[in-house]
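> What follows is a single structure, and I will ask about it in a moment.
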Ligand SMILES: [Zn+2]
Ligand SMILES: [Zn+2]
């Protein structure tokens, strides 16, 4: 079974959510999921001018800190992420590579002045995690409305799509042949 390590980054008080994500990704993607504490200083990805964290820099740090005998690594952040050309990103991943990173920050209804909703937050987190891991599996964006690989600009877009892949994007064959990284 291919292995995935979840790496919490600035995610205090969210152990329960992380445990839940482990279980979901195991069931949905057939991955053996572990948790791995970051061995790098994520604060160096902070951009003081933007007040956000550079997701590409975090991807590089995750790659430089790959746990032993893993296939994929997914950073789960509690802080806001950006890439220079965009105001924000929900996540970023390497296409056909081992590393991805996501943020729960803009998935949280309370960030938009709405009442906290843990269930909705977890649903969104699951979809974002599966979407970014889909890129790691080699999948690009899909136009099908009922596919997790559909691109999402706003959080409402995430709510409109399911957590699963459409028929064409089914990555099960991809994960079965994935590489082992030292
Ligand atoms: Zn994407
Ligand atoms: Zn699709």
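> Who wins for biggest fluctuation among 137, 165, 40 in a Gaussian network model of the chain, springs between alpha carbons below 10 Å?
40
> Neighbouring Cβ atoms within 10 Å as the yardstick, rank 110, 152, 96 fewest first. Present the calculation step by step, with values, prior to reporting the outcome.
Values: 110 10, 152 19, 96 13.
Result, fewest neighbours first: 110, 96, 152.
> Taking every pair of distinct Cα atoms and averaging 1/r, then inverting, what Kirkwood hydrodynamic radius in Å comes out for segment 93-145?
For segment 93-145, inverting the mean 1/r across all distinct Cα pairs yields 12.1 Å.
> What is the spin-label model distance, in nm, from residue 118 to residue 140 if the labels are put 7 Å beyond Cα along the C-beta direction?
Here the answer is 4.1 nm between the modelled labels.
> As a check on your grasp of the helix formula, calculate [θ] at 222 nm for the chain: sum -39500 (n - 2.57) over DSSP H runs of n ≥ 4, divide by the residue count, round to the nearest 500. Before the final figure, lay out the partial values.
Working: 5 runs with 54 residues, N = 182.
So the helix-based figure for the chain works out to -9000 deg cm²/dmol.
> Among 37, 50, which comes first, second and so on when ranked by fewest other beta-carbon atoms within 10 Å? Could the numbers behind the result be given before it?
Working: 37 9, 50 13.
In increasing order of surrounding Cβ atoms, one gets 37, 50.
> Could you give the radius of gyration (one decimal) and Dmax (whole number) of the Cα atoms in the chain, in Å?
Cα radius of gyration and Dmax of the chain are 15.2, 44 Å respectively.
> Given labels modelled 7 Å from the Cα in the Cβ direction, how far is it in nm from residue 20 to residue 35?
With each label placed 7 Å out from Cα toward Cβ, I get 1.4 nm.
> Rank the residues 72, 88, 53, 112 as a footprinting-exposure proxy: fewest other Cβ atoms within 10 Å of their Cβ go first. Please report the intermediate quantities before stating the final value.
Working: 72 28, 88 15, 53 24, 112 9.
Ranked by crowding around the Cβ, least crowded first: 112, 88, 53, 72.
> How big is D for segment 1-66, in µm² s⁻¹ as a whole number, if Stokes-Einstein is applied with the Kirkwood radius of its Cα pairs at 10 °C and 1.306 mPa s? Could you put the intermediate results ahead of the total?
Details: Rh = 13.2 Å.
Estimated via Stokes-Einstein, D reaches 120 µm²/s.
> Once label points are set 7 Å from the Cα along Cα→Cβ at both residue 50 and residue 170, what is their separation, rounded to one decimal in nm?
In this crude label model, residue 50 to residue 170 measures out at 3.8 nm.
> When the chain is treated as a GNM, springs tying every alpha-carbon pair under 10 Å, which of 51, 113, 164 comes out with the largest mean-square fluctuation?
Result: 113 has the largest fluctuation of those listed.
> Of the DSSP beta bridges with both residues in segment 3-176, give the percent that are antiparallel, rounding to the nearest 5. Intermediate results must be reported in sequence, preceding the final value.
Numbers: 6 of 23 bridges.
Of the beta bridges lying entirely in segment 3-176, close to 25 percent run antiparallel.
Coordinate-derived values only; no laboratory data. Just so we're clear, the structure is a prediction, and the values are computed from it rather than from any experiment. Don't worry about glycine lacking a Cβ; one is built from the backbone with ideal geometry, like all the others, and counts go over all protein chains shown.
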